[in-house]
Each structure stands twice: as structure tokens, then as C-alpha cells.
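Structure, as C-alpha cells:
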Amino acid sequence: MKHPLLTLASVATLLLAAGCHTSGPYAPQAEKRPGLNEATATVALMDAQVQASVSSAGDRGVLLPDGRLRAEVSLRNRESRRIQVQVQCVFKDDQGFSTGDETPWMTQILTENATEAVAFTSMNTLARKYTIRVRQMR
């Protein structure tokens, strides 16, 4: 009679011990928050409040005749109230590294449920890519 209980207890102990075993450090995981991977994204929504209130209705980069890059984005206010955000552009070379050409943060007012266009032009001819950053008003 005690034999089946002993077997059940030993199985439970083995299962418990197996659950406590770790195989080493945790593997890296992909970023779960959208819009924050500046290495690949052209528009980065920098914080949770902006991610909830603003969306990108589209962006594009245009190479001007003089070799400079013009980056444009349409920001859409998803709220039924007027909000203010700050917007900045980081211009990058072909490989995605900053050319040292970052615009200052500028305030953009987005009216209720509206889409507003914002444009930036690089200062030099090295820029081929860009990331437009959007954050809460500070």
C-alpha cells in the first residue's frame, strides 16, 4: 500500500527539481514596444503617452538637387483634444550611423484628430537615411 505513495512522492520531487533548474543567462529578446528601434525605424515614438496619442500617417525622404536630404512625416493626433509634442530628426549615412546632423527639438501642436506635416532638411550632403523622433512636450 505504501509503495504507490512512495512512487508518487518521488515523481513529484523530480518534477519540482526539474522546474528549478536554470540553463544559464536569458537569451536576448526583441523589443516589444513599437516605434523605439531607431536602427531600422524612420519614425520613433519615444514614450508610452506619445505612442497612445500620436501615429505616423506616412513619411518619406527626398534627395534634393544640391545633395541634401529632406525628411518629411505626417503626424496624426489620435485624440479628440489638442496636444503638443516635440519632434527632432537625426540624419544618418548609408550604413545607418549619425552624420552628426541632428536638428534641435521643436514643438509641434497637433489639433484634435488632425494630421500635421513636419519637414526637416539636412545641413550636409552625407545624409541618406533618417529617424524622426517624437516625444512628450517637456
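Every number in this text was worked out from the coordinates using simple rules, so none of it is lab data. Keep in mind that what you see is a predicted model, and the values were worked out from it rather than measured. Note that we place each Cβ from the backbone using ideal geometry, even for glycine, and neighbour counts take in every protein chain shown.
Tabulated data for the structure shown
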read-out	value
Region 56-84: number of residues that are surrounded by fewer than 17 Cβ atoms within 10 Å (Cβ to Cβ), out of contact with any helix residue (DSSP H, G or I) (no Cβ under 9 Å at 6 or more places or on another chain), closer than 21 Å to ARG138 by Cβ and not basic (Lys, Arg)	1
Near pairs, Cβ below 9 angstrom, 6+ apart or cross-chain, from region 112-138 (crowded, with 21+ Cβ neighbours inside 10 Å) to any residue that is of a type in the set (Asp, Glu) and assigned to a strand (DSSP E or B)	PHE120/GLU72; SER122/ASP101; ALA127/ASP101; TYR130/ASP59; ILE132/ASP59; ILE132/GLU72
